Amino acid sequence: MPTYGLYLSTLVLEFIGIYVRKLSNYLSIIAKSYLKKGFYMSFDFTICIPTFNRGKRAFELVNILLKDLEKNWSILVFDNASTNGVEFYNEIENLSKINNQIKYVRHETNRQFYGNFKSCLDYPSSKYIMIISDEDFVNFDEMKDIINELEVYENIGACRTSISPHKDLKVAGNSHVFQTSYLKAGEEALSGFCFSNNYISGIIYNLHNIKKTNLVEILGKNILSHKAYPHLYFDLLVSSKFDVLITSKVSILEGSSVSETLNEEGKKAVTFDHIGLYGYGERINQFLALRDGIVDAVNLLDNKNDNDKFIIFLNIYLLLVQKYFYLIALCNMPQYKNHYMEESLLKESFFYITCSAIFAHPQIEPYKEIVLEGITSVYNNYK
């Protein structure tokens, strides 16, 4: 009898062991599924870090953030299928297993910058997210005040925060302190917010409001046309439906640029400053894509007839012309000239492109003269 009892006990224990293992595996699968869909413990605020092949820098940033992270805040790291610095990304993943304020997502394939940006909108379940480059730092001295200020506004969709240089930064490139302004949804937000800054660090989105709409779906549908600046396109969409805030409060401390990022083959990534992202041809592609983005945003406006929408479109279009003349004729021109591109002809060619991009529009005729005057005025400023 004792032998039979021991045998029965052994069977029961084995059965329990098998059941526990199966339950554990099942829960693990469910957890992974929920993470992919963006469901996990909800926080008020998530700091999103899209990163690629800069594991050491990302790991250092995560550890710095943890020192001052509020209890209801979290960190979400999006590893874009990195092949270098993997040991540091593994350390981030290990941290995420023991600290529920950290989540680590490794994409199976490289989604490029635009895909990693969209992940920042798809995964979090927090009310607010802020996107930060793994090169930069969070200014916790003002971060809590910024979030508290956002809580005051019911219809806010996005906030552009200011950036100051980190104490160790020798030469600032993206630092800028804005004048504080609250802009109402529609023409005011589109005019004052969308082209205020190209840099992605420090942009805050109110996902609680945004996910009540189909704006993320619209972004996903058109994102391949906005590979360089998907956030600028998304800012246009958000500004059409929600109020936005530009604040003088500093959320980001600009860090040193990591100039030796490695590519997928483990070699130093090489960029050509007269072609590629900042090349003249790519700048034209960006300009035309954002022109179409303005159309998408204006078409989302409520209580506007077609003529009103077109006038708003023209006003925002002239701001886009101003922005890209600044980028091409001032910011990127030294690189173009270094590669034997003649300055005056290049500026003139962009003048004709900006005209051609609007003058065939079926509604342009009554406004053609004033639009030409506006474009010419911008062109003359950079001649």
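Estimated purely from DSSP H runs of n ≥ 4, each contributing -39500 (n - 2.57), the mean residue ellipticity at 222 nm for the chain is -16000 deg cm²/dmol once divided by its residues.
Among Thr376, Val171, Phe351, whose Cα lies farthest out toward the positive end of the dipole of the chain, if unit charges sit on the beta carbon of Lys, Arg (+1) and Asp, Glu (-1)? After comparing all options, I get Val171.
The chain has equivalent-ellipsoid semi-axes of 45, 24, 20 Å, by the square roots of 5 times the alpha carbon gyration tensor eigenvalues, sorted largest first.
Among Lys170/Lys323; Lys167/Lys383; Lys211/Lys323; Lys167/Lys221; Lys103/Lys309; Lys56/Lys212, which pairs are too far apart, with a Cα-Cα distance over 32 Å? Where the Cα-Cα span goes over 32 Å, the pairs concerned are Lys167/Lys383; Lys167/Lys221; Lys103/Lys309; Lys56/Lys212. Using only the Cα atoms of the range 108-215, each taken as one equal point scatterer with no solvent, compute I(q) by the Debye sum, divide by I(0), and report log10 of the ratio at q = 0.10, 0.12, 0.19 Å⁻¹. So the normalised log intensities are -0.32, -0.47, -1.19. Cys residues of the chain that find no other Cys beta carbon under 4.7 Å: Cys159, Cys194, Cys331, Cys355.
For the range 38-254, taking the reciprocal of the average inverse distance between every pair of different Cα atoms yields a Kirkwood hydrodynamic radius of 17.4 Å.
Sorting Ile203, Ile328 by the number of Cβ atoms found within 10 Å of their own Cβ, with the fewest placed first, yields Ile328, Ile203.
Quick check: the angle from helix 306-326's long axis to the longest principal axis of the chain, C-alpha only, nearest 10 degrees? On a 0 to 90 degree scale, this one is about 90. Rounded to the nearest 20 debye, the dipole magnitude of the chain is 840 debye, with +1 charges on Lys and Arg beta carbons, -1 on Asp and Glu beta carbons, and the Cα centre as origin.
Sorted fewest first by neighbouring Cβ atoms within 10 angstrom, Ser119, Ser181 come out as Ser181, Ser119.
In this rough spin-label picture, where each label sits 7 Å from Cα along the Cβ direction, the Asn381-Leu277 distance is 2.5 nm. Can you give the angle from 0 to 90° between the axis of helix 230-241 and the longest principal axis of the chain, with both taken from C-alpha atoms, to the nearest 10? Tilt of helix 230-241: around 80 degrees. Residues Leu245, Leu288, Leu253, ranked from the fewest to the most other C-beta atoms within 10 Å, line up as Leu288, Leu253, Leu245. Compute the angle between helix 55-68 and the longest alpha-carbon principal axis of the chain, please, reported from 0 to 90 degrees and rounded to the nearest 10. Orientation of helix 55-68: about 80 degrees from the principal axis.
We did not get these values from a lab; they are worked out from the coordinates using the rules stated. Keep in mind that this is a model prediction, so the values were computed, not measured. No Cβ is skipped: glycine too gets one built from the backbone with ideal geometry, and neighbour counts run over all protein chains shown.
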